[in-house]
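**Q** Here's a structure for you.
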Amino acid sequence: MLKDFSKLETFLTVVREKSFSKASAKLGISQPAVTQQIKFLEDYLETKIVERKKNGIRLTKEGEEVYRIAQKMERCINNAEKELFKIINKEITFIIGASFTIGNYVLPEVLNNIKQAINNDVFIKVEVSEKILNEVLDKKCDIGLIESPIFKDGLIYREWMEDELVLFSNTPLPKYIKKEDLYNFNWICREEGSHTRKMVSELFESMGVECKNFNVISEVSSSTAVVQTILRSPVDKNNPTVSIISKYAIASEVESGKLYEARIKGHKLKRKFFIVYTKDRKHDAFIEKVVDFLLKLKNK
C-alpha cells in the first residue's frame, strides 16, 4: 500500500520541472533519491511511468494517468490544509531574511504582493548573507534571500533572480569602459572582509584586473553608504569617483539622472540571487507559497 504522498509529490515535481536534477534541487534531496522514489512507484504500480530523454523526461500512457490522479490528490490535500488553517486560525508574521541589496532595493516593491499571497503579515530583516543563513537555520527567519550561495548543511538553495553589477559614478561615463581605464578612476570600495568586496575582486581577477593597483579613496560598510558617498563626491570629468554595485541599488538614481552607469567592455558582471530555506520545512504551505511567488518574479 502507498502509505504517504511524498513519493507522488516527487513524481509531480519531476513532471513539472521536466528534469530529475531540477526536481532534486527543488525538493532538497539527492538525484539518486529522486530516481529511487520514482522506481518505487513503478515497482508498486508494476509499470513504467517516466522515461528519461536527452532533453528531459516523457510520461508513458500509464504515467499520464498517474499524473492526473496525483494532481487530484494534491488538490484534495491542499484544500484540506486550507480548512485546517481556518480551524486553528493560524496567524503569523512571516519573516524574510534578506541581504542588503535584496532587502533594500528588490523586496520593498513586492512586499504587499507577498502578504496577499500568504494572507499574513511579512517582516523583512536585512543583514549580511552569513547571518541570514544562520538565522534561517535557527528558525529566526522563515526563508533567506541572499546574493551568493554560502553553502551550509540542512538548507535548500533555489536559484532566483539574475543580478548585474555595474560601474557607476555621479559623473557621466561612456556606455562601455575598457578594463585598462579602471586604474584611472578614484574608487569607493566595500570594507576589507566584505563578501561583496571578495566577489568583485574575484570577478576582476578573472578579467586580469588587479584591484590592489586601484586608487581607493574610501572604504564603507554597506551598499547604501557606497551610493551616498558617490552622490556626494566631487564631479570630476578627468578623474571620476566610481564603484561597483548591483543595478537594482541605483536604478532610481540612474533614471533621475543623479548617477550614471557603465559596463566593462567585453565582460558581464553577473551573479544569481538565491532563495534559501531549511530542508525540514520544504513542505510548509507558507514557505511554498512565498517561494512560488518569488520564482514567478525571476523572468519579469
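**Q** Restricting attention to the stretch 100-110, report how many residues are assigned to a helix (DSSP H, G or I), within 17 Å of Lys296 (Cβ to Cβ), out of contact with any helix residue (DSSP H, G or I) (no Cβ under 6 Å at 6 or more places or on another chain) and touching a residue at least 60 places away in the same chain (Cβ under 8 Å).
**A** Let us first name the residues in the stretch 100-110 that are assigned to a helix (DSSP H, G or I), namely 100-109.
Still in the running and within 17 Å of Lys296 (Cβ to Cβ): 102, 106-107, 109.
Add one more test, that the residue is out of contact with any helix residue (DSSP H, G or I) (no Cβ under 6 Å at 6 or more places or on another chain), and what stays is 102, 107, 109.
Still in the running and touching a residue at least 60 places away in the same chain (Cβ under 8 Å): 102.
Looking only at that region, the number is 1.
**Q** Considering only the stretch 53-62, state which residues are modelled with pLDDT under 90 and either open to solvent by 90 Å² or more (accessible area, probe 1.4 Å) or acidic (Asp, Glu) (or both).
**A** Lys53, Lys54, Asn55
**Q** Next question, about the same structure. Any residue at all in the stretch 237-260 that is touching a Lys or Arg at 6+ places or on another chain (Cβ under 6 Å) and under 23 Å from Lys178 (Cα atoms)?
**A** The answer is no, given that none of the residues of the stretch 237-260 is touching a Lys or Arg at 6+ places or on another chain (Cβ under 6 Å) and under 23 Å from Lys178 (Cα atoms).
**Q** Only one of (1) free of Cβ contacts under 8 Å to residues at least 40 places away in the same chain; (2) surrounded by 13 or more Cβ atoms within 10 Å (Cβ to Cβ); (3) part of a helix (DSSP H, G or I) fails for Ile217. Which number is that?
**A** Unmet condition: (3).
**Q** Could I ask something else about it? Looking only at the stretch 63-72, which residues are open to solvent by 40 Å² or more (accessible area, probe 1.4 Å) and within 19 Å of Val34 (Cβ to Cβ)? Step through it out loud before you land on a result.
**A** Of the stretch 63-72, the ones open to solvent by 40 Å² or more (accessible area, probe 1.4 Å) are 64-65, 67-69, 71-72.
If the condition is that a residue be open to solvent by 40 Å² or more (accessible area, probe 1.4 Å) and within 19 Å of Val34 (Cβ to Cβ), then Tyr67, Gln71 are the ones that fit.
**Q** Turning to a different aspect of this structure: Being modelled with pLDDT of 85 or more and among the small types (Gly, Ala, Ser) is the filter here, so list the residues in the stretch 245-300 that pass it.
**A** Within the stretch 245-300, Ser246, Ala249, Ala251, Ser252, Ser256, Gly257, Ala262, Gly266 qualify.
The values are calculated or read from the model by the stated rules, or taken from the named source; none is laboratory data. Please read all numbers here as calculations on a predicted model, not as lab measurements. Ideal geometry is used to build each Cβ from the backbone, glycine not excepted, and the neighbour counts take in all protein chains shown. Ligands, DNA and RNA are stripped out before the accessible areas are found, and what is left, the full protein with its side chains, is counted by its heavy atoms. Shrake-Rupley method; radii C 1.70, N 1.55, O 1.52, S 1.80 Å.
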